[in-house]
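Below you'll find the structure, written out as structure tokens, and then a few comments.
The values are calculated or read from the model by the stated rules, or taken from the named source; none is laboratory data. Keep in mind it's a predicted model, so treat the numbers as computed, not measured. Positions of Cβ are generated from backbone atoms using ideal geometry, with glycine treated the same way; all protein chains shown enter the neighbour counts. To get the accessible areas, we keep the full protein, side chains included, count just its heavy atoms, and leave off ligands, DNA and RNA. Shrake-Rupley method; radii C 1.70, N 1.55, O 1.52, S 1.80 Å.
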Amino acid sequence: MNEQIRVREVRVISPEGEQLGIFPTHEALRMAYERNMDLVEVAPQARPPVCRIMDYGKFKYEQAKRDREARKRQKIVDIKEVKMRPRIDQHDFEVKLRNARRFLEDGDKVKATIMFRGREIVHADLGRQVLERLARAVEDIATIERRPVVEGRNMTMVLAPRPQVVGAARAEARPAAGEGEGAAGPAGEESRAT
């Protein structure tokens, strides 16, 4: 940029994007300074190198702004874990299932873990059956990303949410949240008035 450009001549592009031609570097710098702008090398590998006349500070600011917006829009997927035992009771299984469904609807992945104690590891098929039962119960909103695998004394399986279900769940949640706020507002005011 500017005086850091060490070649003898450069191809110059105006701020509007028009090619002005090939000029000696000192001449191109003079043209940039007349417009109160910078001469920035955009294609150093070309022969001669291509330089653009631009407001470099403004360019860097707008680029940082675009990067911030992109970071804001991206969804970070968390992995939530649901831990169970191979001989889990029906009610406890339903509680874990409800939690897994909620995590999946929020767009997070679920790592289902069966913890084996003592000699339970000999009956790993019981743990696999529990994980398969969980996968069948959420197959409408999730897909199996990683099949059940034994890792030490644990057996794990990873479930990922289906994109269309996550989008639909979020769309339904927005109007419901808006209605709840409106209904709670007047009731809250009345209770304060009494």
Quiz prompt | Percent carbon-and-sulfur accessible area, region 107-146, ignoring ligands, DNA and RNA, probe 1.4 Å | solution = 49 percent
Self-check item: Cα lying deepest toward the dipole's positive end in region 1-154, options 77, 144, 54, charges on Cβ
Solution: 144
Exercise. Using Cα positions and a limit of under 16 Å, work out the lysines in reach of residue 75, with same-chain residues fewer than 8 apart set aside.
Key: 109
Quiz item: Ranked from highest to lowest mean number of other Cβ atoms within 10 Å per residue, what is the order of the peptides 31-39, 14-22?
Solution: 31-39, 14-22
Exercise. Could you pull out the trypsin sites (Lys or Arg not before Pro) across region 63-132 that fall in loop regions by DSSP (anything but H, G, I, E, B) with no more than 16 other Cβ atoms inside 10 Å?
Key: 75, 87, 117
Quiz item: Which Cα, out of 12, 63, 32, lies furthest along the positive dipole direction of region 1-87 (beta carbon charges, K/R +1, D/E -1)?
Solution: 63
Quiz item: HN-Hα J couplings of region 123-131 from phi, Karplus 6.51/-1.76/1.60, θ = phi - 60°, integer Hz, Gly and Pro as x?
Solution: 9, 4, 5, 5, x, 4, 5, 5, 5
Exercise. Let me know the charge dipole size of region 56-140 about its Cα centre in debye, to the nearest 20, where only the beta-carbon of Lys, Arg (+1) and Asp, Glu (-1) is charged.
Key: 560 debye
Quiz item: Of 72/111; 60/80; 58/80, which sit over 31 Å apart, Cα to Cα?
Solution: 60/80; 58/80
Quiz item: Separation of region 80-114 and region 21-44 by C-alpha centroid, Å?
Solution: 63 Å
Quiz item: Along region 102-114, what does the Karplus equation 6.51 cos²θ - 1.76 cosθ + 1.60 (θ = phi - 60°) give for ³J(HN,Hα), rounded to whole Hz, x for Gly and Pro?
Solution: 4, 4, 5, 5, 6, x, 9, 7, 10, 9, 8, 10, 9
Quiz item: Can you give the charge dipole size of region 1-133 about its Cα centre, rounded to the nearest 20 debye, using +1 on the beta carbon of Lys and Arg and -1 on the beta carbon of Asp and Glu?
Solution: 720 debye
Quiz item: So, with a 1.4 angstrom probe, what is the percent of accessible area on region 1-100 that is carbon and sulfur?
Solution: 47 percent
